Amino acid sequence: MSPATWRDEGIVFAHRLIQAGVKTEVVHYPGTFHASIGFAHVAVSQRMVTDRIGALRRGLGA
């Protein structure tokens, strides 16, 4: 399975959630790979963590 397959399946899943009325945010980080969020010293990984925290806060009404 290629990285593009993971990306594409994630996007399809997100769109299905949206069609089902589930509040969903779709974000793509070009140039990253599946586990790149684990590289805490890299700026894009830090942005991914910040974005996830923000999405959780918005979703939970915090």
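Are any residues in region 7-36 charged (D, E, K, R) and outside any helix (DSSP H, G or I), and if so, which ones? Talk me through it step by step, then tell me what you get.
We begin by selecting, within region 7-36, every residue charged (D, E, K, R); these are 7-9, 16, 23, 25.
Passing the criteria: Lys23, Glu25.
If Ala4 passes every condition in (1) of a type outside the set (Asp, Glu); (2) open to solvent by 60 Å² or more (accessible area, probe 1.4 Å); (3) part of a helix (DSSP H, G or I) but one, which one does it miss?
Only one criterion is unmet by Ala4, namely (2).
Taking region 19-36 on its own, how many of its residues are under 14 Å from Ala4 (Cα atoms) and either modelled with pLDDT under 90 or open to solvent by 70 Å² or more (accessible area, probe 1.4 Å) (or both)?
Residues flagged as under 14 Å from Ala4 (Cα atoms) and either modelled with pLDDT under 90 or open to solvent by 70 Å² or more (accessible area, probe 1.4 Å) (or both) within region 19-36 amount to 7.
Between a first residue in region 22-38 that is at positive phi and a second residue that is aliphatic (A, V, I, L, M) and modelled with pLDDT of 90 or more, which pairs have beta carbons less than 8 Å apart while being 6 or more apart in sequence or on different chains?
Hits for this filter: Gly31/Val44.
Which of the residues spanning region 37-49 are assigned to a loop (DSSP other than H, G, I, E, B) and either among the acidic types (Asp, Glu) or open to solvent by 100 Å² or more (accessible area, probe 1.4 Å) (or both)?
Within region 37-49, just His41 meets the criteria.
Looking only at region 37-52, count how many residues are of a type in the set (A, V, I, L, M, F, W, C) and within 19 Å of Ala4 (Cα to Cα).
3
Of the residues Arg16, Arg52, which is over 11 Å from the mean Cα position of the chain (by Cα) and open to solvent by 100 Å² or more (accessible area, probe 1.4 Å)?
Being over 11 Å from the mean Cα position of the chain (by Cα) and open to solvent by 100 Å² or more (accessible area, probe 1.4 Å) holds for just one of Arg16, Arg52, which is Arg16.
The values are calculated or read from the model by the stated rules, or taken from the named source; none is laboratory data. Worth saying up front: this structure is predicted, and the values here are computed from it rather than measured. Counting neighbours? That spans all protein chains shown, and the Cβs are built from the backbone with ideal geometry, glycine included. Each accessible area value is taken on the protein alone, full model and side chains, heavy atoms only, with ligands, DNA and RNA left out. Shrake-Rupley method; radii C 1.70, N 1.55, O 1.52, S 1.80 Å.
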